[in-house]
Every structure is written in C-alpha cells, then in structure tokens.
Amino acid sequence: MHPAFSVIFFTTISGCGYGLLFLLGLSLAANPLLFVRNEALLVLATGAVFAAAGLTSSLFHLGQPQRAWRALSQWRSSWLSREGVAALLSFVPVLALAAAVWRGDAGVFVRMAAMALAVMAVVTVCCTAKIYTSLKTIRAWHNGLALPGYLASGLLGGGVMLWTLLAASGNDDALVRADLPVVVAILAAACAVIKREYWQFVDTAPAGSTAESATGLGRFGSVRGAEAPHTEENYLTNEMGFVLARKHAARLRMIALVLFAALPVALAVPAMMLQSMALVALCAVVAAFGVIAGTFVERWLFFAEAKHVVMLYYAGVRAEG
Amino acid sequence: HLGHPNAAEHRGASPSPQPSPTLSGEREQSGSGEQATSPTPSPPNPFLEGEGFKIVPADGVDISPLVVGEYVLPDGRTAVPAFQLLAERFLADEYAPENVAPQCGVDPGTIRRIAAEIADVAFNQAIRIAQRWTDAHGREHEEMIGRPVAMHAMRGISAHSNGFHTCRMLHVLQMLLGAIDTPGSFRYQPPYPKAVPPANRPGKSRKANGALDAAPLGYVHAPEDLLVEADGAPRRIDKAFSWEFPLAAHGMLQSVIRNAWAGDPCRIDTLFLFMANMGWNSAMNTTQTRAMLADRDPASGEYRIPHIIYSDAYWSETVNFADLVLPDTTYLERHDCISLLDRPISDADCASDAIRQPVCDTDPDASGRDVRPFQDVLIDLGARLGLPGLTNEGGGAKYPGGYAQYIVEHERAPGVGLLAGWRGRDGSRSGVGEPNPRQLDVYKANNCYWHAPVPAAGRYYKMANRDYLAWAKSLGFVGSTDAIVLELYSERLQTFRLAAQGHGAQQPPERERERVARFFDPLPFWYAAVDGDALLPSPTGRGAGGEGRETDQRRSEPRPSPLPLSRGERGSSGSLGEFHLSAITQRPMFMYHAWGSQNAWLRQIATHNYLYLHPDTAAAHGIGDGDWIWVESAHARIRVPARVHAGTAPGTVWTWNAIGKRKGAWKLAADAREYAKGFLLNHVIDDLLPARGDGYRYANADPVTGQAAWFDLKVRIYRDAGDLADAADAGNASNAGNAEGAA
Amino acid sequence: MTMLPPPSRKKLGLVIDLDTCVGCHACAVACKEWNDGGQFGPLPDENPYGKEPLGVWFNRVHTYEVVPTAQASPGTVGGNRKPVAGEREPIGAASRGSPAAGYRLPATGSSSAMTIHFPRSCLHCETPDCVTVCPTGASYKRAEDGIVLVDEDKCIGCKLCSWACPYGAREYSAVRGVMQKCTLCVDRIYNDSFEEIDRQPACVMACPTRARHFGDLGDPDSAVSKLVAERDGYDLMPEMGYKPVNKYLPPRPRRDGCASKAAAAPEEKVDLSTASPILRWMDRILSR
Ligand SMILES: Nc1nc2c(c(=O)[nH]1)N[C@H]1C(S)=C(S)[C@@H](COP(=O)(O)OP(=O)(O)OC[C@H]3O[C@@H](n4cnc5c(=O)[nH]c(N)nc54)[C@H](O)[C@@H]3O)O[C@H]1N2
Ligand SMILES: Nc1nc2c(c(=O)[nH]1)N[C@H]1C(S)=C(S)[C@@H](COP(=O)(O)OP(=O)(O)OC[C@H]3O[C@@H](n4cnc5c(=O)[nH]c(N)nc54)[C@H](O)[C@@H]3O)O[C@H]1N2
Ligand code: SF4
Ligand code: SF4
Ligand code: SF4
Ligand code: SF4
Ligand code: SF4
Ligand SMILES: [Mo]
C-alpha cells in the first residue's frame, strides 16, 4: 500500500496523543492529585493537541475535506466513521477534565471524567486500528497482531511523552526518576516483541488468495499476467501496488526497532541512575523523539509492506517486492 | 486446361458466354435419358465424344462430371480434370502432415486432429435452415445447408512473399468443404461476390484529353493488360502490373518512394501523399526510406524527389518531409462517403453504405484552425490544373461545391455513383439511377446510412443463388445472373505461365521468364519465402518447365507442378540462415496504426510495446523478462524491451504494430514512452529482396500480387550488453530515426 | 446508508465469457465513453499526452497466460524472470536451418500455454465491504436491484472503499476528489428515452464477440442465470466472502495436440503409385 504521509503522520501522532490521554486518564482516575494542576493541564493539552493534529492531518488525505462532517454518519457499519465519532467524543472528557482540573476538583467527577477519557482514548485507537485490520483485502493488516501493535505503540508514545513532559516541566518525583522510565522501558520491550511477532507473521503468513483464485483460472494451470490493461501506472497500482525491496524492508525494520525500542530502553535505564534532572529530561526528550521517529518508520512499513489482493491481477506484469 | 472449344450440350439453362467444358460420364448419360427433352438436342459432335464420356458445359445441371482420371480426347490429346491435378498435388508426400509439420510448427498429430475436426464439423454437424431457394441454374432447393467451418486470414497469410498461393490454398480448402457463403461458413458481403476476375482492367492508355481510359487500378486478366513497355519494362512508378508483379491489383505504394528516389523506372517531379504515414509505419526499411525522402543528388544539389506534398490531419512522422503540407480536417469536420465502390460497410445480410457529415466547425475564426477537407482540395486542384474529369466543357470547375457535390454527382458508369441509396431524380431508385440532388439530405435524415437487406432466399450461396444474383443485378452489383465460378485451377495464372513458356504474343522479357513461370502455377502451392531465396531466378538462363517438357508424347502438356527451386547468388547480406526467428507484428485491437497514439484514452492502454518471446527462446538467448535486447535482421538492428510470453510460438517473436513513435511526432511530450520505450519493427524489415544473379533486387513482395511481404522478416536476438535501465535517458536510436545498419 | 440492504430478489449484473473475449478493450473504451459524458462523469484524465498518462476507467482488460501446471517448467515461467545464462548466445550450427529449405524448422508442440483475456469491473457483490466501510454513506448498494453505486456528492474521497475492494473496481479521481466506479450503466438500463434494445450497459453493447451479458442473476430463469448454469460460471475470489453477482464463464479447455478422437483416425498415407483406386473411390463419392 502506498505510504501516504498524511495517514502515517495521523496514526503516529494521534496514537501518541491518545496514549498520553489514556495514561493521564488512568492516573487521574486512580489518584486525582497525582500531578500538580499545571502539569495535569500541560499533559492534557499536549495529548489533545496531538490527537487533534493527527485528526486534522488525516483531513489532508481526503479529496473533499469540507465534507468531512459526513464521515460521522455511518458509525453503525464503518470503523472510519466510528473512529471519527470516538475521536470527537473523546474531547468531551478532555474538556470536562480540563475544567475540573482547572477548578482544582479532586472528587468523583474528576475520577469519572478521567476514567471516561482513558476509555475513549482506547476506544479511539482501537477504532483507528480497526479501520485497517478489518480490511480482508490486506493480509498484513487483517490479523490479530495489528491492533495490539497500534495499542502498544500508542501507549509507548504516550508513556515516553508523559515522561518527557513531566521531566521537562521540572517534576523531580520518583514518578519521573524511576517509575516512568521503567514503564517506558517495559512498553518499548513489549512493543518490540509485538512488532517482531507481527513482522514474522507478515513474512510467513500464507496468502489467502492467489492469482489463480483471483482469476478463477487456476483449474487450467498457473496464472501469470501477459499484458496489463495499461502500460503506465493507474490509481490502483499507485495506491495499492507500492513495492518495497526486501532488503530495504529489513533495514528499515532494524531502524524502527532501534529508534522506538532500543533507544528508549538505552536511555530509560541510565536515566534512573542519573542525578541531574536536566540530563533526565534530556534522556526523556531524546527517547520521545526516538519513539516518535521509530513509530513513524514502523507505520511507514505498516503501509509499504502491506500487499493488497488486487495486485494479484497484475501478477507478473509488474515488479514485485 | 482444355482450351475453350464451343461445347454444345444444351440443357434448360442457357450456356454462359464462356462455359468451362467438363467431361461427363457415359453412365449418367443413360441414367438421365429422359433429359433428352432438352429443347434443341444438339447433333452429336464426334470431336467432343470420347471413350465413355462427353464434353459438355461444366455448369450444366444433371451431369455427372468425371473429376478424376485421364482421358484421351478424340483428337488424341490427353485430358485431365482439374480435380485430379489438385488431388495429385496435395495427396503427394510433400504435403503429408509429417512433411509440412516442420515448416508450420504444428505437429502431425495436431494437423490430423484439426483436419478431422474440420471434416466432422463440415459434414456431420451441418446446419440446416428451412428456407427455399433457387440456384443459378434454376433448380429449387427446400433448405439451406451450412458447413459451419469459417477461416479468417488476412495479412498474416497475405503479407508474405508466398502469400497469394497460401491464400488460394485456404480458398480451395473452403471450396472442397463446400464452406463458401453457407450458414456458419465464410460469407460474402454485398456487393461481393463479383466475377473472377472482376471485369475492370487497369487503365492503360490515355484518351485525347489526357485522361486514362479506365481507373488506374483494376484487375489484370491476361498478359495483354500489363502496363509494360515494348521491352517488357515496368511503366508505373511502383512497377505494379508489370512482369515483376503482374496481378498487383492494389498497386504497390510501398515501392513508390524507393523507385522515385532511384529513378527506376522513371524520375518524378512531385510526390503527393495522403493518409499513409509513408515516412514511418507504412514504410518498410523506415530509416532508409526517410533518408531517401531527404536525399539530394550530389551532382546537382537538388532533392532526388524534387517536391513532396503531404496532406495529414495530424503531425505524423511524414509531415516534416513535405515541401507543402495540406492540413486536413478530421473525419468529424468534413463530408466523407463509405462507398460500395470502395470498402463498404455491408454485412453478409445487407448491402450498406454511409456518409459522414461535418459535426465540428472548421471556420478559421471559430476554430482557430486553417484546415480544409482534403477531398475538396484535390477537386479544387484538379479543376485549377484543368483535369478533364474535374472541369466542364467551358473549362470551369465541375464541382465548385467540393466533395459533397462530387459524392452526389460523380458517376463512375451511367447511373452508378459513390452512394447507392436514394438515387434517381426523385430518390426512388436504389443501386443504379440518375444522381439525386437531394441525396445527402436524405442520407442525413436516415442516420447517414443506406441499408438494403438481402432477400431471405438469397442470403447464402450468393455466387450461385438466383435469388441473390437477381437482387444484386437489380442494384448493379453484378452484370448478369450467371453463376460466378470459383476456380480450383486458375486459367488466368496458367495464361501467364504459358506466356513465360513461350506461348502467345505478350511474353515476359528473358530475365522474368523463370520467375513468372514458377509463380504463375494454376494450382496453389507452397514455397519457402523466408529469405527470398525461392524468388531468385537461376543465374543460368531458363530453368525447367520450358518447352523441353513436352517430350512426353502421351500428355499434351506437362502437369502443372511447382517448378524446381533454382538458387541464385545471395545478396551481400551474409548468411541469412543465422536469422532464424520469424519476427512479426500484430495490430493492437485498441489502436488504428499510428494515429491511435494521439488519442488520450487509447494511449492509456499502451504507450509502448515489447517484443514478446517464448520462455524457451528467451532462455536459449539468456534473456530475462524486461531486458533490453537487440533485434537484428540481415539489414539493420534496433534495441527493444523484451517480454517473455508462453503463448508465443517458440520460433517466432512478435510485437504490436506501429506503437513506437518518432520523437516529437504526434505532438506527444518529448519524453513520451512511445518514443523512449516503444519501437517500430519496420526499421529492420528490408523493402527489397537480396540481389538476384545480375544484381537486380526485387521489391520485398509477393511475386504474383505485389503485396508487401513484411511478415517474411527473419531476425536474431541478443541481450544488450550495455543494459541501460531506462531508455529515456539513452534515447531509442531507432525512434530518433537511425536504426543501425548491421550488414 | 452504508449498512447493506436486505438481500434483494433482483440481482443485476454481468456475465463475462472468457472463452470468447478477445481482449480488444472495446468494452473498456465504450464504458469510458459513455460514463465520461453520462450522469456519473466525467472520468478525468491527467497528463494525457505526457510521459505517464493517467485516467479513471471503470473497466480494465487484462491478459493472462495460463501454463498447465504439470508441464510448467520451473525457472522459465513465473514472475519477474531474470536472465539465466550469460551473454548473447551465438546462433550456431545447432539452430541453423535445414540447408535445403533455407529456413529453420520451428520447434513444435512446446507451447501449450493458454492466453486468456480478462475484463475486470465492479462485480456488484452481495455482501461487499466497500459499502460498509464507507464513513459517509456515499458508497451504497441499492435495495431494489443490488447495484453498488457511489454518491459523488457525499463522497469525501477517503479511498477506504477502494482499499476494501479486492477486485480493483474503484478508481479514485484526484482531479475530482471523489471515488468513481462502474455504475452498471444505471443511467442506460432504466433510461426510458432509449429504445428497449439500448437499455443495456455500454460495455455489453460494444463487445464485438458478445462475450458480455447483462441481466438479473437473482432470477434463476433469466437468460444470464441459465448461461451461468450451463457453462459453469464462477465467482472471483470466493474466499473473500463478498459474494460477487457478476459471473465469469470459463474458457473451454485446450485440446492438446492430437489428444482427441482425431488421433484415432486412420492414418491415410497416400502412395501415388496406388493413387488411382483412391481417386476412383473419390470419383464415386464426388459424382453428382
Ligand atoms: N485495431 C485495428 N484494426 C485494424 C487495423 C489497425 O491498425 N488496428 N488496420 C486495418 C488494416 S489497414 C488492415 S490491412 C487489417 C489487417 O488485419 P489482420 O490481417 O488481421 O492484421 P494483423 O493483426 O496484423 O494480423 C496479422 C496476424 O497474422 C499473424 N501471422 C503473421 N505471419 C503469419 C503466418 O505466416 N501464418 C499465419 N497463420 N499467421 C501469421 C500475426 O501473428 C498476426 O496475428 O486490419 C484492419 N483493422
Ligand atoms: N510491420 C508492419 N508494417 C505495416 C503493417 C504491418 O502489419 N506490420 N501493415 C501495413 C498496412 S496493411 C497498412 S494499411 C499500413 C498502414 O499504415 P499507414 O497508412 O501509415 O496508417 P496510419 O498510421 O493510420 O497513417 C495514416 C496517416 O493518415 C493520417 N490521417 C488520419 N486521419 C486523417 C484524415 O482525416 N485526413 C488526412 N489527410 N490524414 C489523416 C494519419 O495522421 C497518418 O499520418 O501499414 C503497413 N505497415
Ligand atoms: S467489486 Fe468491489 S466495488 Fe464492486 S461491489 Fe464488489 S467489493 Fe464493491
Ligand atoms: S472514498 Fe467516498 S465512497 Fe469511498 S469510502 Fe470514502 S467516502 Fe465512501
Ligand atoms: S456496466 Fe457500464 S459502467 Fe459498468 S463496466 Fe460496463 S459500461 Fe462500464
Ligand atoms: S469488448 Fe468483449 S471481447 Fe473485447 S475485451 Fe471487452 S469483453 Fe473482451
Ligand atoms: S473498429 Fe470495429 S467498428 Fe470500427 S471499423 Fe473496425 S470493426 Fe468496424
Ligand atoms: Mo492495411
């Protein structure tokens, strides 16, 4: 599949945003006074901005963005519509929580709003993932590992951002010095495990469809294209026929792993031992950039490595990866 | 081949003007004794009675022709029915499946299977239509029986130097099957069938006013009709209707540029071309053809072809060569007519013709284009030059209204014009009638076409169906309702062979005798045409097949037999045997020759072509899918992208015709793939055959009809060592106009 | 509404005969012609005379080669072959033609591959995800006859439906910013201003070999349903579970070489020295 920048940016950034909102919601639901007011507001605002920025960028992917509101209408069947609805609905707890935190509430209402936010963040990311994983046409997406992958990288992104934000705003608690680095390292490791599983699956999963089943001509022998309907690219081959050389894929997977997993772990572990808060903050910032960049690469691969069944119709007349 | 004695066995039907005599068995004489009721019983003619047979007109009904055997005529000569000759030829070992398999690439088992399937379908699966009809001899039939075997062949068979005889072979096969214009078989489309050959001969001499006595193209019936000088040399610039290509009924456009350039047989002043992209895909040997169009005589510094006028509606590869370009309208902007006199749009069940009318404005102010319909321009030019057909007595223009007026008023013969519909002053006549001044209006009111259904009883066996022939005669398609005889044994071809063998007043010059004698075989035969070898007369005088054969006293004439192959010296091109792959083109169904590429939609289907080859061929040459390879003939080589295709015959490589374009032509972008990746096979096709003994080179064409033989191309292939990834950078040499001469 | 309607009784669609399709692209061009100017047009083109022309089509014609599996020689037939041997191979004596005839004997019988032309357009599936994934309701399946359409006024151009279609039936127009697809010529087949005979899809009318048939595949007695039953019509990628309405009719299997009753036909080797009895026999047969 063609790795469209707007979509990759959207899923990466909004994933981080919702991860952050989820962690914030979860924390505040457990302990409304875990953060000081400004910290809570900063985290909330950052999460909301990331989520909104991602959503906005996804509009650039549209041919008719001015009609985007229509996308809210078909939530009964469409995961994309559900995602839109969930994304918008998640701003209700965001605003409610912001108001409560602003007012200094620490009661049931804050806990309820925080809980709702956490739930909506998960729901939204699940909806985003489901847009892809529900497509039977793309084996690399339509499987049990893609959704955990989205959730895990959202969480990782959220975790590393939370760490960064708190560290950068001068929070010197154990939370920042010990707890969050541990969380980040665990999430990074989990992410790495899930992704490796996923890539393993992508490399080995048997094709559900073949040129033979696509044409129904398998009964006569093996099928190969002799002539394509068009000698140049068309929408289909541009959109779904993206070809990534295997050796490039392997290298990019390594880069992604290093960036989103190895690097944060390598920074989180020493950060726990560092004295200087500035250095901790630096570790956090670098780790955050690593995670985001790594997720970006991983997400790029998520598209670039995904083969669409329609390309079976072009078997043999187009270069294959 | 008995000649034409005036046979006189009379039956009800009046004998046709030139009845082919046939031998009729005695036993049938007795069996059909009651037929002595014929109105004028002829007195027995001892000259025509032999042992147990009689000579009668072949189209007599109720005769029992003796189709095989050998018969001694009363005068002592031996007569052999044409069918016996045909059977002897094709039952001979030479044509046995085992022996033809290597030549055609189909194994003997498959040949037998196909033959058996054809026979099974023709005879066991006949179609029967309950429709009464009457044959040309007056016999009534209850039903129409169909032999549902149809064959389609056009250029693939004809565009070889053995094309004519191969076509005849297929035609004969259909005759033997009875699969001519029957339900389920090949069908004639009115105004066909016509007499064999059609009556019109090519114009030969000029009238007092300078006009030709007949249309320039026509059908040669006998050596007398050839357009040759007293010494037998060709008279036409294209050498059509000469001893080199006697039956070139379509002319030989493909030879005009070469001959004009060489001044052979004569120099010309102006070359006027339209609707043929002769500077590219319509030419063979495109690179040299382009060079000839621009070549100057070093002595005088003048162009060898002094003036070139070209009319085109688009910016084809030929436009840039013209001194004068006449920008034509497109077919949406002018009147046209699709006439029964040319290539009609009829189908087998109806005669049809049609017009086009302008639907787009060509007013220069409105359209910003300065164009005129080329037919209008031709008529205008003709009138200004004072050509008799285009001026009236006073010398003024005869058709000031241009082509639209010409369509309506021009008569090829009295009452016969370009359009068959709504003729006669009042528009009441069909086919034949006076010009109708309102004819175009009526066409326009009828969706621009005229349509005359063949009567139900005349739909099949048109060559011998009275219901059809009467209808066709009423429309002026045929001159009489006599059956049109299809020949197994061609008297016309034999006339030419006899001339070459020394009979008759018109004989070929010595240098052409052997060639004419060889190829004017009255029965079809196969000969290898691959490298032109077969077309080379022996350097040592007259070959076999001359008078010497008549030593056999028992036979008045030798059996028609393929004369032996004589070998001439090869041209300078080296060993042709190395070029062992046949290279052919196929028309892409989605494009019309060159100009499909300036259609925005068709271009999206294919901007470029590949050379397709069988996996085994590719493997044998170390060629992979998508590789750039060289295609080399004895004459030139070009660099092309290859594709492996299991459906291609192993001994053949092929590509789509005319997709490759020259850089800058057709107003395509400078980096258009048509130029950067597409290619034109014509660069490697020679327009001449290798030299014969005396150095003369015939056109690369069928020696009977002059049909260009572009499908005889033989090549070898090899990978391009340079392995340029993208030809756009390198430029495709051939499309820049410079195929490399290899020899 | 992108919920699928309840299954309709009427299921309009196409039946495409791969036995007779010659791959001429007439259907594809006729489709483009009709729809470009029709209710669902235009079908825009980009860079029409440039290096890489691009445009929207609702119908595309592929050509496949099918190599019998038993005979497929690995290494020669497959995807993306690369050269196996070295450079230019000299055409030596082995491949030189028979000297007598002056031409090379082509290899015989080694090509049993089938070449099959294959038009591809929307199959108007019964349970297609291309409809349910649409967030706006622009992509919909008609309850009355099962035609799958895009309402271009609602479409936001998110492309998701084209990702959900396994058959490549949807082409996005960057120029118009909306998804476009085969309409089953809904603006022809119900068009009262047309004569009955013209109320058929443009592609069906254009096909010179009558390889395309249009009708109600929900009615077992319709001509198309009978054709499908008779000719063993099949679904493309049934494993997707989209239940295509359009059906494809398989090509007849190749008769291979001499493997038919004809092989059993007695071999008639005619020796001309004994020709005359045979000819006499033919005389009897042929005598009128
Ligand atoms: N779409 C389209 N239609 C056209 C035209 C066009 O340009 N485009 N051009 C029109 C014109 S001007 C013409 S003359 C006609 C020509 O119509 P066709 O004669 O049908 O033309 P081609 O497609 O060139 O077909 C030649 C076929 O013969 C095969 N062939 C070559 N050599 C041999 C041989 O030795 N034996 C056999 N059996 N087959 C052989 C080739 O593989 C090829 O498939 O088409 C007309 N129709
Ligand atoms: N290798 C190979 N070569 C072949 C063949 C083959 O099968 N293989 N086929 C041969 C055959 S049969 C043929 S007929 C030729 C065909 O070859 P061409 O006759 O060259 O056919 P086109 O490319 O259609 O070119 C016709 C010219 O007419 C112009 N034209 C189009 N419409 C109009 C118009 O309305 N008015 C005017 N004035 N001009 C117009 C076009 O722009 C073009 O320049 O090619 C021959 N060459
Ligand atoms: S073919 Fe594709 S676009 Fe058409 S209904 Fe089926 S899934 Fe949808
Ligand atoms: S591109 Fe249009 S029709 Fe397709 S899913 Fe998106 S909104 Fe629906
Ligand atoms: S049914 Fe109409 S829209 Fe669909 S492919 Fe055929 S012509 Fe095109
Ligand atoms: S028009 Fe008919 S024969 Fe031509 S490609 Fe389409 S379906 Fe095949
Ligand atoms: S393309 Fe089709 S419609 Fe046009 S002239 Fe040829 S056969 Fe006739
Ligand atoms: Mo032609």
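The values are calculated or read from the model by the stated rules, or taken from the named source; none is laboratory data. Please read all numbers here as calculations on a predicted model, not as lab measurements. Reconstructed Cβ throughout: ideal geometry from the backbone, glycine too, with neighbour counts over all protein chains shown.
Please enumerate the residues belonging to the stretch A:72-113 that are within 19 Å of A:Ser6 (Cα to Cα), at the interface with chain C (Cβ under 9 Å from one of its Cβ atoms) and not polar (S, T, N, Q).
A:Trp79, A:Leu80, A:Glu83, A:Gly84
Show me the helices (runs of 4 or more DSSP H) entirely contained within the stretch C:158-217 in which 3 or more residues are within 12 Å of ligand 5 (Cβ to nearest atom) and surrounded by fewer than 24 Cβ atoms within 10 Å (Cβ to Cβ).
Details: elements: C:160-164, C:186-189, C:202-206.
It comes to C:186-189, C:202-206.
A:Trp69 passes all but one of (1) within 13 Å of chain C (Cβ to nearest Cβ); (2) outside any helix (DSSP H, G or I); (3) surrounded by fewer than 20 Cβ atoms within 10 Å (Cβ to Cβ); which number fails?
(2)
Residues are listed down the side, and each one gets a yes or a no for (1) modelled with pLDDT of 95 or more; (2) within 16 Å of ligand 4 (Cβ to nearest atom); (3) within 26 Å of B:Ser430 (Cα to Cα):
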site: B:Ile129; (1), (2), (3): yes, no, no
site: B:Gly146; (1), (2), (3): yes, no, no
site: B:Met154; (1), (2), (3): no, no, no
site: B:Ser161; (1), (2), (3): no, no, no
site: B:Leu173; (1), (2), (3): yes, no, no
site: B:Ser185; (1), (2), (3): yes, no, no
site: B:Pro193; (1), (2), (3): yes, no, yes
site: B:Ser205; (1), (2), (3): no, no, no
site: B:Asn209; (1), (2), (3): no, no, no
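Can you pull out the residues in the stretch B:409-467 that are surrounded by 19 or more Cβ atoms within 10 Å (Cβ to Cβ) and hydroxyl-bearing (Ser, Thr, Tyr)?
Answer for the stretch B:409-467, where residues must be surrounded by 19 or more Cβ atoms within 10 Å (Cβ to Cβ) and hydroxyl-bearing (Ser, Thr, Tyr): B:Tyr443, B:Tyr460, B:Tyr461.
So, of the residues in the stretch B:673-686 that are in a helix (DSSP H, G or I) and under 28 Å from the mean Cα position of the chain (by Cα), which turns out to be surrounded by the fewest Cβ atoms within 10 Å (Cβ to Cβ)? Talk me through it step by step, then tell me what you get.
First pass over the stretch B:673-686, keeping only residues in a helix (DSSP H, G or I): B:673-676, B:681-684.
Checking which are under 28 Å from the mean Cα position of the chain (by Cα) leaves us with B:681-684.
Details: B:Leu681: 30, B:Asn682: 25, B:His683: 29, B:Val684: 30.
Checking each candidate, the answer is B:Asn682.
Among the residues of the stretch C:166-185, are any without any contact (Cβ under 8 Å) to a residue 12 or more places away in the chain and either among the aromatic types (Phe, Trp, Tyr) or touching a Pro at 6+ places or on another chain (Cβ under 7 Å) (or both)? Walk me through it before giving the result.
First pass over the stretch C:166-185, keeping only residues without any contact (Cβ under 8 Å) to a residue 12 or more places away in the chain: none.
No, that holds for no residue.
When you check A:Ala190 against the structure, is it over 28 Å from A:Asn38 (Cα atoms), of a type in the set (A, V, I, L, M, F, W, C) and not in a helix (DSSP H, G or I), yes or no?
Values: over 28 Å from A:Asn38 (Cα atoms): yes; of a type in the set (A, V, I, L, M, F, W, C): yes; not in a helix (DSSP H, G or I): no.
No; evaluated as a whole, the condition is false for this residue.
Tell me, which residue of the stretch C:240-251 that is away from ligand 5 (no atom under 16 Å from the Cβ) and touching a Pro at 6+ places or on another chain (Cβ under 9 Å) is nearest to the other protein chains (Cβ to nearest Cβ)?
From the stretch C:240-251, those away from ligand 5 (no atom under 16 Å from the Cβ) are C:240-243, C:249-251; that's our starting set.
Now narrow it down to the ones that are touching a Pro at 6+ places or on another chain (Cβ under 9 Å): C:240, C:242-243.
Values: C:Met240: 6, C:Tyr242: 8, C:Lys243: 13 Å.
Among those residues, the one meeting the criterion is C:Met240.
When the residues of the stretch B:652-671 are filtered to those that are over 21 Å from B:Phe321 (Cβ atoms) and buried (at least 24 other Cβ atoms within 10 Å of the Cβ), which remaining residue is farthest from ligand 5 (Cβ to nearest atom)? Step through it out loud before you land on a result.
Our first condition is that a residue be over 21 Å from B:Phe321 (Cβ atoms); within the stretch B:652-671, this holds for B:652-657, B:659, B:669, B:671.
Keeping just the survivors that are buried (at least 24 other Cβ atoms within 10 Å of the Cβ) gives B:653, B:655, B:659.
On the way: B:Val653: 34, B:Thr655: 29, B:Ile659: 25 Å.
Checked the stretch B:652-671; the qualifying residue farthest from ligand 5 (Cβ to nearest atom) is B:Val653.
Restricting to the stretch B:386-398, name every residue that is free of Cβ contacts under 8 Å to residues at least 40 places away in the same chain and either closer than 21 Å to B:Pro327 by Cα or assigned to a helix (DSSP H, G or I) (or both).
Of everything in the stretch B:386-398, just one residue is free of Cβ contacts under 8 Å to residues at least 40 places away in the same chain and either closer than 21 Å to B:Pro327 by Cα or assigned to a helix (DSSP H, G or I) (or both), namely B:Leu390.
Please go through the stretch B:148-200 and give me each residue that is within 14 Å of another protein chain (Cβ to nearest Cβ) and more than 16 Å from ligand 7 (Cβ to nearest atom), ordered by number. Give the steps one after another, and end with the answer.
Just the residues of the stretch B:148-200 that are within 14 Å of another protein chain (Cβ to nearest Cβ), to begin with: B:150, B:152, B:160-162, B:175-178.
Correct list: B:Ala150, B:His160, B:Ser161, B:Asn162, B:Met175, B:Leu176, B:Leu177, B:Gly178.
Do any residues in the stretch C:210-224 that are within 14 Å of chain B (Cβ to nearest Cβ) have Cβ atoms under 6 Å from those of residues that are away from ligand 2 (no atom under 16 Å from the Cβ) and not in a loop (DSSP other than H, G, I, E, B), where the two are at least six apart or on different chains, and which pairs are they?
So the pair list comes out as C:Ala211/C:Asp17.
Hey, does the stretch C:116-124 have a residue that's within 14 Å of A:Leu80 (Cβ to Cβ) and either of a type in the set (Gly, Ala, Ser) or away from ligand 3 (no atom under 13 Å from the Cβ) (or both)? Walk me through how you get there before you give the answer.
Here is the first cut: in the stretch C:116-124, the residues within 14 Å of A:Leu80 (Cβ to Cβ) are none.
No; the residues of the stretch C:116-124 include none that is within 14 Å of A:Leu80 (Cβ to Cβ) and either of a type in the set (Gly, Ala, Ser) or away from ligand 3 (no atom under 13 Å from the Cβ) (or both).
What number of residues within the stretch C:135-157 satisfy the criterion of being near ligand 3 (Cβ under 10 Å from one of its atoms) and assigned to a loop (DSSP other than H, G, I, E, B)?
We begin by selecting, within the stretch C:135-157, every residue near ligand 3 (Cβ under 10 Å from one of its atoms); these are C:139, C:141, C:146-150.
The next check asks that each one be assigned to a loop (DSSP other than H, G, I, E, B); those that pass are C:146-147.
Final tally of qualifying residues: 2.
Considering only residues that are within 8 Å of another protein chain (Cβ to nearest Cβ) and within 30 Å of B:Glu51 (Cα to Cα), which ones fall in the stretch B:77-99?
Listed by number, the residues that qualify are B:Phe83, B:Gln84, B:Ala87, B:Glu88, B:Leu91, B:Ala92.
Sort out for me the helices (runs of 4 or more DSSP H) sitting completely within the stretch A:230-321 that have 2 or more residues that are more than 13 Å from every other protein chain (Cβ to nearest Cβ). Write out each step before concluding.
Numbers: elements: A:235-240, A:246-257, A:263-271, A:277-304.
Output list reads A:246-257, A:263-271, A:277-304.
Condition check ((1) of a type in the set (Val, Ile, Thr); (2) assigned to a helix (DSSP H, G or I); (3) more than 9 Å from chain C (Cβ to nearest Cβ)) across all residues:
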{"position": "B:Ser597", "(1), (2), (3)": "no, yes, yes"}
{"position": "B:Ala600", "(1), (2), (3)": "no, no, no"}
{"position": "B:Asp616", "(1), (2), (3)": "no, yes, no"}
{"position": "B:Asp625", "(1), (2), (3)": "no, no, no"}
{"position": "B:Val640", "(1), (2), (3)": "yes, no, yes"}
{"position": "B:Arg643", "(1), (2), (3)": "no, no, yes"}
{"position": "B:Trp654", "(1), (2), (3)": "no, no, yes"}
{"position": "B:Asp671", "(1), (2), (3)": "no, no, no"}
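Do we have C:Pro135 as within 7 Å of chain A (Cβ to nearest Cβ), at pLDDT 95 or above, in contact with a His (Cβ under 9 Å, 6 or more places away or on another chain) and within 27 Å of A:Glu83 (Cα to Cα) here? Spell out the reasoning first.
Working: within 7 Å of chain A (Cβ to nearest Cβ): yes; at pLDDT 95 or above: yes; in contact with a His (Cβ under 9 Å, 6 or more places away or on another chain): no; within 27 Å of A:Glu83 (Cα to Cα): yes.
Here the answer is no, as C:Pro135 does not meet what is asked.
Under 8 Å between Cβ atoms, which residue pairs at least 6 apart in sequence (or on different chains) link something in the stretch B:100-112 that is at the interface with chain C (Cβ under 7 Å from one of its Cβ atoms) and under 17 Å from B:Trp526 (Cα atoms) with a partner that is in a helix (DSSP H, G or I) and of a type outside the set (Asp, Glu)?
B:Ala101/B:Pro108; B:Ala101/B:Ile111; B:Val106/B:Ile114
Looking only at the stretch C:25-44, which residues are touching a strand residue (DSSP E or B) at 6+ places or on another chain (Cβ under 8 Å) and surrounded by fewer than 23 Cβ atoms within 10 Å (Cβ to Cβ)?
C:Phe40, C:Pro44
When only residues in the stretch C:179-202 that are within 14 Å of another protein chain (Cβ to nearest Cβ) and away from ligand 3 (no atom under 14 Å from the Cβ) count, which is nearest to C:Val148 (Cα to Cα)?
If we take residues in the stretch C:179-202 being within 14 Å of another protein chain (Cβ to nearest Cβ) and away from ligand 3 (no atom under 14 Å from the Cβ), then C:Ala202 is nearest to C:Val148 (Cα to Cα).
Wholly within the stretch B:68-167, which helices (runs of 4 or more DSSP H) include no fewer than the required count, namely at least 2 residues that are touching a Cys at 6+ places or on another chain (Cβ under 9 Å)?
On the way: elements: B:82-91, B:97-104, B:108-119, B:155-158.
Because the criterion is at least 2 residues that are touching a Cys at 6+ places or on another chain (Cβ under 9 Å), the helices (runs of 4 or more DSSP H) in the stretch B:68-167 that meet it are B:108-119, B:155-158.
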